[in-house]
Amino acid sequence: MNNVGSIKPHSVQQKNYKMQDIESPCIKVCQHDSKGVCFGCRRTHEEVSNWWGYSNEEKAEVIKKTSKRRNVEGESPTVFLR
């Protein structure tokens, strides 16, 4: 049997899915306030740790929530000097 030119549809679909996957909103600040909200992306600890397991619909919902979320007033991320 000749397999030249045969492509498995699953691998093509998987590759296309990855290209359309919603990117993480992480901006590499990765510090949380006392309520567990990240100063950089405004996701909770749970949302950050579960991000790669979420569907695109769930990721879109998280991003929608972060646009309304604020950090605790008076708190700010720790500054690291290099």
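Since every read-out is calculated from the coordinates, none of them should be taken as a lab result. Note that the coordinates shown come from a computational prediction; the quantities given were computed from them, not determined experimentally. FYI the Cβ positions are ideal-geometry reconstructions off the backbone, even for glycines, and counts take in every protein chain you see.
Here are a few things to note about the model shown:
- Phi angles across region 21-35 convert, under the Karplus curve 6.51 cos²θ - 1.76 cosθ + 1.60 with θ = phi - 60°, into 3J(HN,Hα) values of 5, 5, 6, 5, x, 4, 10, 6, 8, 6, 10, 10, 7, 5, 9 Hz, Gly and Pro given as x.
- The packing ranking of peptides 40-46, 30-36, 73-79, highest mean first, is 40-46, 30-36, 73-79, where packing means the average number of other beta carbon atoms within 10 angstrom of each residue.
- Surface/4 of the Cα convex hull for region 24-66, nm²: 2.7 nm²
- Dipole magnitude for region 28-82: about 200 debye, using +1 per Lys or Arg Cβ and -1 per Asp or Glu Cβ, origin at the Cα centre.
- Sequence-distant contacts, meaning Cα pairs under 8 Å at least 6 residues apart, place the relative contact order of region 24-66 at 29 percent.
- In region 24-66, a dipole from Cβ-located charges (positive for Lys and Arg, negative for Asp and Glu) runs towards its positive end, and of HIS45, CYS26, SER55 it is CYS26 whose Cα lies farthest in that direction.
- Under 5 Å between amide hydrogens, built in the peptide plane, is the criterion, and for GLN31 it picks out PHE39, GLY40 among residues at least 5 positions away or on other chains.
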